[in-house]
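Colleague: Shown below is the structure under consideration.
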Amino acid sequence: MDILQPTMVFCFSSTQKPMSIVQFRRPRDLRSRSGIAVVPQNITHQLFDEIPLWDTFAWNNLIQTHLSNGDFRYVLSTYGQMLLRGVRPDRHTLPRVVSATRLLGDLSIGKQVHGQALKLGFSSDQYAITALIEMYGHLDSVDMAKLIFDKSPHHNLVSWTLLARLYIVQGKPSLALDLFHRMVDVGVLVDPVALATATSACGLLKSLQQGKLVHEIARRCGLEYDVLVSNSLLKMYIDCDSLKDARFVFDQMPSKDVISWTLVIRSYVRIGGFNEGLKLFRQMNLDGMKPDSLSIASILPACGRIASHKQGQEIHGYMLRNGIYSNLKVKNALMDMYVKSGAITCSSNIFAELNEKDVISWTVMIMGYSLHGRGKLGVELFHQMEKNSKTQLDDTTYAAILHACGTARMVDEGKFYFNRIRSPTMAHCALMVSLLARAGLFDEAMVFIEEHKIGKHAEVQRKLLEGCRIHRQYALGKRVVEQLCNLEPLNAENYVLLSNWYAGCGKWHMVDKLRETIRDMGLKPRKAYSWIVFRNKVHVFGTGDVSHPRSGRIYSELQRFMEEMRVQMVEPIWDFRLHDVDEERECIQTGHSELLAISFGLISSQDGPVRVTKNLRICHGSHEFAKFISKMSRREIILKDPNTFHHFSDGFCSCDDY
DNA sequence: ATAGGGTTAG
C-alpha cells in the first residue's frame with residue numbers, strides 16, 4: 001500500500017463530522033445551495049483548495065487541529081493531500097503525522113511515514129525521532145524503539161525519558177533505571193519528568209536503596225521540591241513500604257497539591273491507619289485544598305472500616321453540594337462505605353441508580369447483603385448479574401457469592417459455585433468449610449478439609465469452630481480449639497477459647513493453669529471494646545466500664561431491661577464455652593461493652609437506629625439480651641462485630657441467631 | 001514531546 005493513494009487515505013467514516021476544521025469554515029462552504037449538508041469529503045476538498053500551496057504553516061495548522069480533536073484519519077488525509085499537491089512538509093509536519101499513526105494503531109502506515117521522513121531528510125530531527133520512538137514502542141516493540149534511539153545522531157532528554165517509560169510499560173523497570181543512570185552519567189541535564197520516571201521505576205522494583213539514590217540525584221539537581229518530583233518520591237516510598245520516608249517527604253514539601261494529599265492519605269488507610277487518614281483528610285480541607293473525586297475515593301474506605309456512618313455521609317453530602325463529579329469508582333467506594341457502616345439501604349439505593357455497573361459494583365452489593373444477613377438477596381443479585389451483564393468474574397466475586405450462600409445456608413448452590421471456580425484460593429476453601437459447618441454438615445466439612453489438604457490453616461479451623469459454636473458441638477469444638485493452639489501457639493485468643501471451654505464444665509484448675517500459661521508466655525489476650533458515635537464524638541466502652549459520665553443511667557437502664565426479662569421468664573444465657581473473650585465470662589451481663597454502648601445510644605437519642613461497633617465477637621447472652629431490648633424499646637439496634645452486622649428489631653436479629 | 005493520585009477482597 002502506498003500512502004499517496006487517495007483511496008487509502010480518504011477513509012472517512014460516514015458518522016464522523018469534520019468538526020475540527022471549523023477554523024477554516026466559510027459560511028458559503030458549509031452547506032450546498034440546496035440546503036442539504038454536504039458530505040465531509042466535499043467540504044475537505046473545498047477547504048484544501050482554499051489553502052495556498054506554498055503555505056506549509058496553514059497545512060500544519062490543519063493537521064494539528066485534527067490531531068488535537070482526535071480525528072487521526074483526517075490528519076492522514078490532509079497529509080496525503082499535501083503530498084499530492086506538492087506541498088513540502090517541514091519539520092513540524094512529520095512528528096504530528098507519526099503521532100496520528102500511533103494513535104490510530106496502524107503500524108504499516110507508520111512505517112510508510114517513517115520512510116518518507118527519511119526521504120525528506122527529517123530523520124535526524126529531534127521531534128520526529130521522539131514521535132517515531134513512541135510510535136514503534138507502542139505498535140511494534142521496545143527493541144525497535146531502542147533501535148531508532150540508538151541510530152539517532154543525538155539523544156535528548158525527552159527521547160531518553162520516553163524510552164525509559166516504554167521499558168516501564170513493558171514491565172522492565174530495571175532497564176528503565178539503567179537508562180536513567182546512563183543519561184545522568186553522560187551529562188544530560190535531567191528535568192522533573194525524567195526524575196519522576198526513574199522514581200516510579202524504583203517503586204516498581206520495590207527498591208528503597210535505588211529510590212534513595214534517585215532522591216539524592218533530585219536533591220543535587222535542586223529539583224527535590226518540585227511538586228511532580230516530590231509526589232513521585234512520595235509514591236516510591238509508599239511502594240517500597242516505607243511510610244516513614246514518605247511522611248518525611250510529605251512534611252518537607254513546601255507546596256502540596258491534591259495528589260500529594262491523596263497519596264499520603266491512601267497509604268495510611270491501606271495499612272489500617274484509618275484515624276490518621278481521616279485526620280489528614282480534615283487537615284487537607286483546613287489547608288484550603290479542595291478534595292476531588294480521587295481523594296474522596298481514597299478516604300471512603302476509612303469511613304467504612306471504622307463504621308463511621310456519619311463521616312461517610314458527610315463526605316457524600318459534601319460531594320453532592322459541591323458537584324464533585326462522581327464516576328463509577330467513587331460510587332463503588334460510596335456503596336462499600338455505606339455497606340461497611342451499616343447503612344445497607346443507602347448502598348442499594350445508589351446501586352439501583354447506577355446506569356453502568358462493573359464487577360466491583362456487583363461484588364460490593366453481593367457481599368453487602370451477605371454481611372447484613374441477607375444472603376438470599378446476595379445470591380439473587382448474583383443471578384441477576386450473570387443474566388444482565390457479561391461481567392468478567394474474579395476471585396473476589398466468587399468469595400462474595402460463597403459468603404452469601406453461607407449466610408443463606410444454601411449448601412447446594414455454594415457447592416455449585418465452588419466447582420465453577422477454576423483455581424480456588426485458600427479463602428474460597430475456607431468459605432466452603434464455613435458454609436458446610438454453619439449448615440451443621442460436620443462430616444462433610446471434615447472430608448472437604450481432608451480432600452483439599454487445608455487442615456493446617458488456622459483460618460479453616462476457625463471457620464469450623466464457628467459451626468461448632470452455632471450447633472453447640474462442644475466435643476468437636478474442643479478438638480478444634482486444641483488444634484488451633486497447636487497451629488498458632490502464640491495466639492492468646494486460642495488459650496482463651498480453651499480456658500472458657502474448661503470454665504464451662506467447671507474445671508477451674510484447668511482455667512487457672514491456662515491463665516498461668518498465658519501469663520508465662522507473655523501473651524496478652526485482646527480486650528473487648530464497643531463504641532458508638534454521638535454528636536460527632538466516639539464513645540468507647542470496655543467490659544464493666546464505669547468511667548462514662550452517664551454511667552449510672554447507662555447501668556440502671558440495662559438493669560431495668562434485665563428485670564423486665566426476668567418478669568417475662570426469659571432466662572439469661574451463660575454459655576461461654578466457645579467464646580473468645582474471657583473478661584466477659586467474669587463480668588455481669590449488663591457490664592458487657594456492647595450493651596453499655598447500646599444503652600448509651602438509647603438514652604441519648606429518641607429515635608432512629610442505634611449503631612454500635614464491637615471489636616470482638618458478640619457473646620450469645622448479649623445477643624439474646626439485645627434482641628429483647630430491641631423489642632421492649634421499639635428501637636432498631638445495628639451492631640457490627642468482626643464477622644457480620646446484627647440488625648436487632650422487635651425481638652429478632654437479621655443473623656437468625658447464627 | 002516525556003508525567004505523579006482512586007473502588008471489592010468477611
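Colleague: Give the separation of the Cα centroids, the stretch A:120-155 to the stretch A:61-117, in Å.
Modeller: Their Cα centres are 16 Å away from one another.
Colleague: Go ahead and run the numbers for FRET between residue A:147 and residue A:54, Cβ-Cβ distance against an R0 of 45 Å, rounding to 0.05.
Modeller: After rounding, the FRET efficiency stands at 0.80.
Colleague: Also, I was wondering about something else. What number in nm² do you get for the stretch A:39-174 if you take the convex hull of its Cα atoms and divide its surface by four?
Modeller: Computed as one quarter of the Cα hull surface, the answer is 8.5 nm².
Colleague: How much net charge surrounds residue A:99 when only the other residues with a Cβ under 13 Å from the Cβ of residue A:99 are counted, with Lys and Arg +1 and Asp and Glu -1?
Modeller: After counting each charged neighbour, the total is -1.
Colleague: Okay, moving on. So if the hydrodynamic radius of chain A is defined as the Kirkwood radius over C-alpha pairs, what does Stokes-Einstein give as its diffusion coefficient at 4 °C and 1.567 mPa s, in µm² per second?
Modeller: The Stokes-Einstein estimate is 43 µm²/s.
Colleague: Can you sort A:446, A:365 so the residue with the fewest Cβ neighbours within 10 Å comes first?
Modeller: A:446, A:365
Colleague: A further question on this structure: Take the alpha-carbon centre of the stretch A:344-369, take the same for the stretch A:581-658, and report the distance between them in whole Å.
Modeller: 27
Colleague: With the contact rule set at Cα under 8 Å and sequence spacing of 6 or more, what percent relative contact order holds for chain A?
Modeller: 5
Colleague: Please give every one of the lysines within straight-line cross-link reach of residue A:390, meaning a C-alpha to C-alpha distance under 16 Å, and leave out same-chain neighbours fewer than 8 residues apart.
Modeller: A:357
Colleague: Using DSSP to call loops (not H, G, I, E or B), can you name the chymotrypsin sites (Phe, Trp or Tyr not before Pro) in the stretch A:479-583 whose Cβ has at most 15 other Cβ atoms within 10 angstrom?
Modeller: A:574
Colleague: Moving on to the next point. Mind ranking A:282-288, A:186-192 by how tightly packed they are, going by the mean number of other C-beta atoms within 10 angstrom, highest first?
Modeller: A:186-192, A:282-288
Colleague: Also, I was wondering about something else. If we count every other residue with Cβ under 15 angstrom of residue A:612's Cβ, Lys/Arg +1 and Asp/Glu -1, where does the sum land?
Modeller: With Lys, Arg at +1 and Asp, Glu at -1, the net is +4.
Colleague: Beta carbons within 10 angstrom, averaged per residue: use that to sort the peptides A:318-326, A:480-488, A:331-339, highest first.
Modeller: By packing density, highest mean first, the sequence is A:331-339, A:480-488, A:318-326.
Colleague: Taking the alpha-carbon set of the stretch A:602-658, what are its Rg and Dmax in Å?
Modeller: When restricted to the Cα atoms of the stretch A:602-658, Rg and Dmax are 10.5, 30 Å.
Colleague: Rounded if a/c is under 1.5, else prolate if a/b beats b/c, else oblate: with a ≥ b ≥ c from the C-alpha gyration tensor eigenvalues square-rooted, which is the stretch A:529-653?
Modeller: Taking the square roots of the gyration eigenvalues as a ≥ b ≥ c, the stretch A:529-653 is rounded.
Colleague: Using a cut-off of 15 Å between beta-carbons, work out the net charge of the residues near residue A:146 (Lys and Arg +1, Asp and Glu -1, residue A:146 not included).
Modeller: Charge balance in the 15 Å sphere: -1.
Colleague: Provide the gained length on full extension for the span residue A:515 to residue A:358, in nm with one decimal, where the gain is 0.36 nm per separating residue minus the Cα-Cα distance.
Modeller: 51.5 nm
Bear in mind these aren't lab numbers, they're just calculated from the coordinates by the rules spelled out. Please read all numbers here as calculations on a predicted model, not as lab measurements. Note that we place each Cβ from the backbone using ideal geometry, even for glycine, and neighbour counts take in every protein chain shown.
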